[in-house]
Every structure is written in structure tokens, then in C-alpha cells.
Ligand SMILES: [Zn+2]
């Protein structure tokens with residue numbers, strides 16, 4: 001199996017101003033730029049100036065409006081000849097689409113997220129809507145990831161909280177992977193586990209867990225990149241996605257108004273780690289508390305009824321994917337616990 005990891009990685013303030021320089025250094029002359037909605041107004045001028053000053057030509061430019069598979073396919077066929085790389089500037093949707101265009105066109109992609117609501121910007125997968133349903137499609141891991149921490153810091157807080165929620169899920173995902181090994185002999189890739197957990201540990205051990213602290217933000221960004229790398233190394237989503245992701249996907253279909261992916265995943269992580277008897281659960285809870293994730297969810301709680309049904313529906317989201325929720329009794333006991341314990345009133349309404 002071939003493993004690729006991003007060859008170019010910059011996580012620092014004002015990294016956006018150097019996109020042209022980074023592309024030039026890697027020998028690219030002509031690129032296609034994909035912007036998320038509103039992103040051209042926000043940072044387009046800085047991107048243009050940077051590309052111009054390094055004499056990088058823009059052969060195609062597009063604003064991504066949706067993440068329908070058909071739109072992505074059309075866009076890939078529209079790419080003119082001579083494009084050497086794709087640059088994706090925006091949130092999850094723009095990067096998911098551009099990543100798949102790059103995959104279809106066999107082109108390297110430079111991922112430039114303007115917010116970090118999930119770990120998709122550095123993962124080898126694209127989340128696209130296929131025939132009305134959201135689907136995770138295999139794509140290529142980005143050639144480069146540029147994270148401008150000042151831009152990330154200026155993005156809405158809920159986005160960063162969502163990224164933190166997606167991050168803590170590495171703990172429960174890895175635990176589910178180990179359970180799957182014991183229950184069904186599914187092989188665990190130790191190296192992917194180490195990559196996935198070690199970057200999360202850096203956060204837990206950082207003294208000032210404030211999303212206003214650019215150094216803390218840098219660690220969050222780095223850990224989300226490593227989550228993508230862990231998926232590439234293992235050739236599966238196991239190190240980054242377990243029962244908590246299944247609950248979140250089920251909730252997407254059941255809730256009247258779904259929340260951000262990582263917000264749902266973070267709350268679900270609190271739930272499934274309880275069932276797993278996870279040894280790091282207290283640390284996970286204190287990280288969520290100290291960063292302000294918990295206060296955010298308290299002000300914007302998830303729908304209790306839909307969440308309970310999502311816990312119950314989780315195994316049907318991905319049949320054959322063994323997790324702590326595969327066991328009927330365990331699932332019922334978690335539902336009961338969430339119904340009766342006052343702890344959950346803070347996060348579910
Ligand atoms: Zn996720």
C-alpha cells in the first residue's frame with residue numbers, strides 16, 4: 001500500500017500571504033483556485049497578491065456553492081489543460097469538493113482552510129452528496145496544508161469548538177478500534193493509533209486551553225492534520241471515527257436542525273466514552289470544559305429526543321463496523337443513562 005503524507009505544512013500567523021512562495025518552491029506555475037462562499041471577498045485579494053508576486057498564474061477560478069457529486073464532476077471536466085495544482089481556500093465544503101476534483105484530475109492539492117470545524121482539510125477522504133445522501137468518498141490526502149492561525153482565530157468560535165469536538169473523538173475512535181479487534185479480530189494499526197492519540201495528548205497537556213491563544217490554536221490545527229495522516233497510514237477511517245461519529249451521522253438524519261459535525265461528535269464522545277469506561281474520560285471532559293466547548297453547547301444544546309434515537313440507530317449507519325454501540329444491552333444502558341442523569345440536561349434539551 002502506498003502512503004502519502006502532506007509534503008508541505010505551514011501552521012502560523014500570516015501563512016496565507018506566502019501561498020505564492022510555497023507553490024513556487026514546489027515548482028508549480030499554473031494553478032486552479034477554489035474558494036468557499038464568501039471567501040474571495042474575505043481573503044481573495046491577499047491570495048491574488050501572493051500568487052502574482054511569485055508569478056503563479058491562475059488558469060481557473062471557481063466559487064464552490066454546494067458539495068454535490070455532479071457539481072464536482074462537472075468542475076473536474078471544466079479544468080483547462082496545463083493546470084499543475086489546485087488551491088482550495090475555505091471551509092469544509094470547498095475543500096471537500098476541490099479535493100475530489102484534484103483526485104479525479106490526478107492533481108496535487110494545497111488545502112488552505114479558513115476555519116477548522118472538522119479534520120477533513122487534511123484527510124484522504126471527501127464528504128460529498130451523492131444521490132441526495134452525504135457520503136464519504138476516498139480521495140487523495142493533500143500535497144500541502146496551509147493554516148493561517150490568525151485567520152482561523154478570527155473565524156466564528158463555533159467552528160473552532162467543532163474542530164475540538166472532532167479531535168477528542170480520536171480517543172473513543174481508537175478505543176472502538178481496539179474493541180473491534182477483540183470482538184472480531186479487526187487488525188489495529190499501532191502506528192496510526194500513536195499518531196492519532198499523541199497529537200490529542202499535546203492539547204490535553206497544554207496549560208492555557210484558550211481558543212484565543214494562537215499557540216493553543218496551532219496545536220489544535222496540528223492535531224487535526226495528524227488525524228488525516230493517521231487515516232492515510234491505516235488506510236481506513238478507524239483512527240478518526242468510531243461510535244461517536246456513527247451517532248453524529250444518525251443525528252444528522254434525525255434532528256430537526258443538525259448542529260456542526262464536530263459539536264455533535266464532541267457531545268457523542270462524552271457519551272460513548274462513558275460506556276467504554278474510557279480511562280481518559282476525565283481529561284477529555286476537562287479539555288471540553290476549559291476550551292469553552294461545554295459552555296457553547298450549553299447555550300446551543302442538541303435535541304435530546306433526536307440524540308437518544310441517534311444512539312440507538314448508530315449501528316445501522318455503518319453495518320459491520322464494530323463499536324461499543326454494537327451491543328444491544330450496552331446501547332440500551334447508555335440511552336437509559338442519558339435519559340435519567342442530570343449531567344446531560346446541560347447539553348441536550
Ligand atoms: Zn469527524
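Taken together, the values in this text are just the output of simple stated rules run on the coordinates, not laboratory data. None of the values given here were measured: they were computed from a predicted structure. Reconstructed Cβ throughout: ideal geometry from the backbone, glycine too, with neighbour counts over all protein chains shown.
Figures for the structure shown
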| item | result |
| --- | --- |
| Semi-axis lengths (Å, descending) of the ellipsoid that matches the C-alpha gyration tensor of the range 34-77 | 23, 14, 5 |
| Cα long-axis angle, helix 281-291 against the chain (0 to 90 degrees, to the nearest 10) | 50 degrees |
| Per-pair calculated FRET efficiency, R0 = 22 Å: residue 106 and residue 191 via Cβ, rounded to 0.05 | 0.20 |
| Percentage relative contact order, the range 8-154, counting C-alpha pairs under 8 Å, at least six apart | 29 percent |
| Cα shape, the range 157-346, gyration tensor, a/c 1.5 rule | oblate |
| Quarter of Cα convex hull surface for the range 93-224, i.e. mean projection, nm² | 9.4 nm² |
| Ranked packing of 163-174, 229-240, 55-66, most packed first, by mean Cβ within 10 Å | 163-174, 229-240, 55-66 |
| Percent of beta bridges antiparallel (DSSP, the range 102-187, rounded to nearest 5) | 75 percent |
| Relative contact order [Cα under 8 Å, 6+ residues apart], the chain, whole percent | 16 percent |
| Sites residue 212 and residue 133, calculated FRET efficiency, Cβ-Cβ separation with R0 45 Å, nearest 0.05 | 0.75 |
| Helical mean residue ellipticity (222 nm; -39500 (n - 2.57) per DSSP H run of 4+; nearest 500) of the chain | -17500 deg cm²/dmol |
| Reference-scaled alpha-carbon Rg (2.2 N^0.38 Å with N residues) for the chain | 0.97 |
| Length added when fully stretched, residue 346-residue 333, from 0.36 nm per residue minus Cα-Cα | 2.7 nm |
| Inter-site label distance for residue 184 and residue 205 at 7 Å from Cα along Cβ, in nm | 3.4 nm |
| Beta bridge orientation in the chain: antiparallel %, DSSP, nearest 5 | 20 percent |
| Distance (nanometres) between label positions extended 7 Å along Cα→Cβ at residue 30 and residue 3 | 3.6 nm |
| Surface/4 estimate of mean projected area, convex hull on alpha-carbon atoms of the range 201-272, nm² | 5.8 nm² |
| Per-peptide average of other Cβ atoms within 10 Å, ordering 84-90, 322-328, 128-134 highest first | 84-90, 322-328, 128-134 |
